[in-house]
Each structure stands twice: as C-alpha cells, then as structure tokens.
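These notes are about the structure you will find just below.
The values are calculated or read from the model by the stated rules, or taken from the named source; none is laboratory data. As the structure is a computational prediction, the values presented were derived from the model and not from experiment. Here the Cβ positions follow ideal geometry from the backbone for every residue, glycine too, while neighbour counts run over all protein chains shown.
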Amino acid sequence: MKKTVNPSVLGISLALTLGILYSVCTAAFALWPESALAFFNAWFHGVDLRLLQPEGGRAVALDTFLYGLISILITAYVAGVVFTLLYNWLNGMMGGRKE
C-alpha cells in the first residue's frame, strides 16, 4: 500500500506552525520594533521596511493582530491541504514508496 498523508493533519500542523511564528513576530515588533525591522530588512535584501512604517510608529493593535492571525491560519491550512492532496496524487502516479 502506498503511503498517503492526511490532508487535514498537515493543514492544521502548518496553520499552527505559522500562527505561532506570526505571534512571535508580532511580539518582537511590539517589544523591539527597531531590532525587528533591522532583522527583516536583512531578509528583504536591503529593502528599507522603515519606509512602510507610519509616522512615529504605532503600537500593535489587537484587532490588527487577530485579523492577521486568523487570515494566516486559514491560508496556511488551505495551502497545507492542497499541498497534501497534490503530494498524495503525485505519489500515487509516480509509484511512490510501498509500505
């Protein structure tokens, strides 16, 4: 029997992982805004993300955090499910490993 992966399990795992990372990122920006900006500037090849910041910066708002968290959870779940369905389909087509 070919090994298959449960789409819901992978979708939930990916959603929870990205939700945790999003929460840690939000906390980093709330606690250390300049350091967090410097860190992400390095990821974006020197693009100055400070230019996107409003005048004087602003505190992280709960409604914005929740909107972002919910949207990333949903998007990650859907991506995980689609990835798993494609994985299982391709694994079946290409004679995946038998167990």
Residue identified as touching a residue at least 12 places away in the same chain (Cβ under 8 Å) and surrounded by 12 or more Cβ atoms within 10 Å (Cβ to Cβ) among L10, L21: L10
Sole exception among (1) at pLDDT 90 or above; (2) surrounded by 15 or more Cβ atoms within 10 Å (Cβ to Cβ) for S71, by number: (2)
Per-region count, region 10-53, residues among the β-branched types (V, I, T), closer than 24 Å to V81 by Cα and touching a helix residue (DSSP H, G or I) at 6+ places or on another chain (Cβ under 8 Å): 2
Candidates V24, V47, filtered to the one that is over 30 Å from W89 (Cα atoms) and either within 12 Å of the chain's Cα centre (by Cα) or of a type outside the set (A, V, I, L, M) (or both): V24
Count of region 31-59 residues which are of a type in the set (A, V, I, L, M, F, W, C), part of a helix (DSSP H, G or I) and touching a residue at least 12 places away in the same chain (Cβ under 8 Å): 2
Scope region 24-41; condition aliphatic (A, V, I, L, M) and surrounded by fewer than 12 Cβ atoms within 10 Å (Cβ to Cβ); matching residues: V24, L31
All positions within region 42-68 that are small (G, A, S) and exposed (fewer than 11 other Cβ atoms within 10 Å of the Cβ): A42, G46, G56, A59, A61
Residue that is modelled with the highest pLDDT [pool: residues in region 1-41 that are within 13 Å of F65 (Cβ to Cβ) and β-branched (V, I, T)]: V24
